[in-house]
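Colleague: One structure is given below, represented as structure tokens, and several questions about it will come after.
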Amino acid sequence: MHSFDGHNDVLLRLWKQGGDTAAAFLDGEDRGQLDLPRARKGGMVGGLYAIFVPSVTRNDRSEPMSEVPYDVPLPPPPELTHAQRATLEMASIFFRIAERSEGRFRPARSVADIRAAKASGAHAPVLHIEGCEALDPDLKMLDVLHAAGLRSLGPVWSRPNMFGHGVPFRFPSSPDTGDGLTDLGKALIRRCNEMRVLVDLSHLNEKGFWDIAKISDAPLVASHSNAHAICASARNLTDKQLAAIRESSGLVGVNYAVSFLRPDGKRIAEMPLDTIVDHMAYLVDKLGEDGVGLGSDFDGALIPKTLGTVAGLPELIAAMRARQFGEPLIEKICFENWMRVLTRTWGE
Ligand code: ZN
């Protein structure tokens, strides 16, 4: 089964790793959760590739969350010059992988590009930024990134920035944790609509979510989030938010991070893949069969041990089949629903 994935952080992993990052990705290696050989093995034919600028002061992603309840304090945003340099460096990794790939890794800017890559057995990555710390208030950098192929962005990662306030990593917690978008953030959403860039709702708090629901004329998309009714993390979506996503013909990409899957909220990788299917079934019930996709968070999160890496995706498909998901529904969740919502957002 071929799949398209809504979120991964492999560019961040490679950037931190250094060395010959193109070779590491193209030839594969025994670390991380995503590279080209393992993507092929798992049937992942493309996805949104995030650029994420880590905070300068501390490691954002290594918080111990095995104890609950938890509330991880948020760092201040990185400065513009730092964020722009890191963004250029990760974008360069992305394009150098493409350059060295002999056509196997083909940056996509449209649904036609993704389908063409899939048909020829190539991988179709789409450039995304998770948090807009690299954007200036006039959004000039957005023009440049868009020209370079950027087709999706999240206004905020969980920490606050000049565009808005993200949702903290907190369990148990409602996503209604503070102020939403700033005026600049609202201008950013309007500009994204004009440019037909996808606006990602994952990592926004509830006020920010409703700000975008009110402003945006595109389908509402949360690229890597789960159902709050099953796992009461502040990062997950309430039934009311899901109803708004359905109303807009939007989509939720199911996130494999154990902290956003497990009903107990604990950061423990020993868990059944059935819990991912529980979230899928719940989301299909709330959003309809056209509103659910994949949003792995590969290389950005601790994921269930039985999945392990992208090469483990057939295990997840098997769990969907065991739950009596029919082949047409599996095909929609794995691939076609992302194509539908991207077509609606980007145009033909
Ligand atoms: Zn994320």
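Colleague: Being open to solvent by 10 Å² or more (accessible area, probe 1.4 Å), farther than 20 Å from residue 122 by Cβ and in contact (Cβ under 8 Å) with a residue 40 or more places away in the chain is the filter here, so list the residues in the stretch 1-52 that pass it.
Modeller: 13, 15, 32, 33
Colleague: Considering 77, 69, which residue is within 16 Å of the ligand (Cβ to nearest atom) and closer than 25 Å to residue 177 by Cα?
Modeller: Exactly one residue qualifies, and that residue is 77.
Colleague: Please list, ordered by residue number, the helices (runs of 4 or more DSSP H) wholly in the stretch 1-42 having 3 or more residues that are at pLDDT 95 or above and within 16 Å of the ligand (Cβ to nearest atom).
Modeller: Details: elements: 10-17, 21-27, 36-42.
Of the helices (runs of 4 or more DSSP H) lying wholly inside the stretch 1-42, those with at least 3 residues that are at pLDDT 95 or above and within 16 Å of the ligand (Cβ to nearest atom) span 10-17.
Colleague: Same structure again: Quick check: is even one residue across the stretch 35-54 over 29 Å from residue 337 (Cα atoms) and of a type in the set (Asp, Glu)?
Modeller: First, the residues of the stretch 35-54 that are over 29 Å from residue 337 (Cα atoms): 54.
Restricting the remaining residues to those that are of a type in the set (Asp, Glu) gives none.
Checked against the condition, which is being over 29 Å from residue 337 (Cα atoms) and of a type in the set (Asp, Glu), the stretch 35-54 yields no hits at all.
Colleague: If you don't mind, another one. For residues that are open to solvent by 10 Å² or more (accessible area, probe 1.4 Å) and within 15 Å of the ligand (Cβ to nearest atom), tally how many sit in the stretch 171-201.
Modeller: 1
Colleague: When you scan the stretch 286-313, how many residues do you find that are farther than 14 Å from residue 261 by Cβ, acidic (Asp, Glu) and within 16 Å of the ligand (Cβ to nearest atom)?
Modeller: 1
Colleague: Can you tell me which residue in the stretch 219-266 is most open to solvent (accessible area, probe 1.4 Å), limited to those that are charged (D, E, K, R) and more than 15 Å from the ligand (Cβ to nearest atom)?
Modeller: Taking the stretch 219-266 and keeping what is charged (D, E, K, R), we get 235, 239-240, 246-247, 262, 264, 266.
Add one more test, that the residue is more than 15 Å from the ligand (Cβ to nearest atom), and what stays is 239-240, 246-247, 262, 264, 266.
Values: 239: 66, 240: 139, 246: 121, 247: 158, 262: 34, 264: 59, 266: 69 Å².
Per the criteria, the residue is 247.
Colleague: Select, from 109, 115, the only residue that is assigned to a loop (DSSP other than H, G, I, E, B), under 18 Å from residue 4 (Cα atoms) and either open to solvent by 10 Å² or more (accessible area, probe 1.4 Å) or within 16 Å of the ligand (Cβ to nearest atom) (or both). Break it down stepwise before answering.
Modeller: Values: 115 fails: assigned to a loop (DSSP other than H, G, I, E, B).
Only one candidate passes the filter, namely 109.
Colleague: Using beta carbons and a limit of 6 Å, which pairs, at least six apart or on different chains, have the first residue in the stretch 126-144 and more than 14 Å from residue 86 (Cα to Cα) and open to solvent by 10 Å² or more (accessible area, probe 1.4 Å) and the second one within 16 Å of the ligand (Cβ to nearest atom) and modelled with pLDDT of 95 or more?
Modeller: none
Colleague: Could you please let me know if residue 273 is under 17 Å from the mean Cα position of the chain (by Cα) and modelled with pLDDT of 95 or more? So that I can check it myself, show each step before the final result.
Modeller: Values: under 17 Å from the mean Cα position of the chain (by Cα): no; modelled with pLDDT of 95 or more: yes.
In short, no.
Colleague: So which pairs qualify, if the first residue must be in the stretch 202-218 and within 16 Å of the ligand (Cβ to nearest atom), the second must be not in a loop (DSSP other than H, G, I, E, B), the Cβ gap must be under 6 Å, and the two must be at least 6 apart or on different chains?
Modeller: Close Cβ pairs (under 6 Å, with a partner that is not in a loop (DSSP other than H, G, I, E, B)) amount to 202/222; 203/154; 203/166; 208/164; 208/181; 209/241.
Colleague: Looking only at residues that are more than 15 Å from the ligand (Cβ to nearest atom) and either modelled with pLDDT under 95 or part of a strand (DSSP E or B) (or both) in the stretch 123-159, which one is farthest from residue 195 (Cα to Cα)?
Modeller: Once the filter is applied, the top-ranked residue is 123.
Colleague: Also, I was wondering about something else. Kindly establish whether residue 276 is in contact with a Lys or Arg (Cβ under 9 Å, 6 or more places away or on another chain) and open to solvent by less than 10 Å² (accessible area, probe 1.4 Å). Talk me through it step by step, then tell me what you get.
Modeller: Values: in contact with a Lys or Arg (Cβ under 9 Å, 6 or more places away or on another chain): no; open to solvent by less than 10 Å² (accessible area, probe 1.4 Å): yes.
No; evaluated as a whole, the condition is false for this residue.
Colleague: Let me ask you something else. Going by the conditions given, is residue 86 over 22 Å from residue 28 (Cβ atoms), assigned to a helix (DSSP H, G or I) and open to solvent by less than 10 Å² (accessible area, probe 1.4 Å)?
Modeller: Working: over 22 Å from residue 28 (Cβ atoms): yes; assigned to a helix (DSSP H, G or I): yes; open to solvent by less than 10 Å² (accessible area, probe 1.4 Å): yes.
Yes: the conditions hold for residue 86.
The values are calculated or read from the model by the stated rules, or taken from the named source; none is laboratory data. This structure is a prediction, so every number in the text was calculated from the model and none was measured. Glycine also receives a Cβ, built like all others from the backbone with ideal geometry; neighbour counts cover every protein chain displayed. For the accessible areas, the whole protein counts, side chains as well, though only heavy atoms, and no ligand, DNA or RNA atoms are used. Shrake-Rupley method; radii C 1.70, N 1.55, O 1.52, S 1.80 Å.
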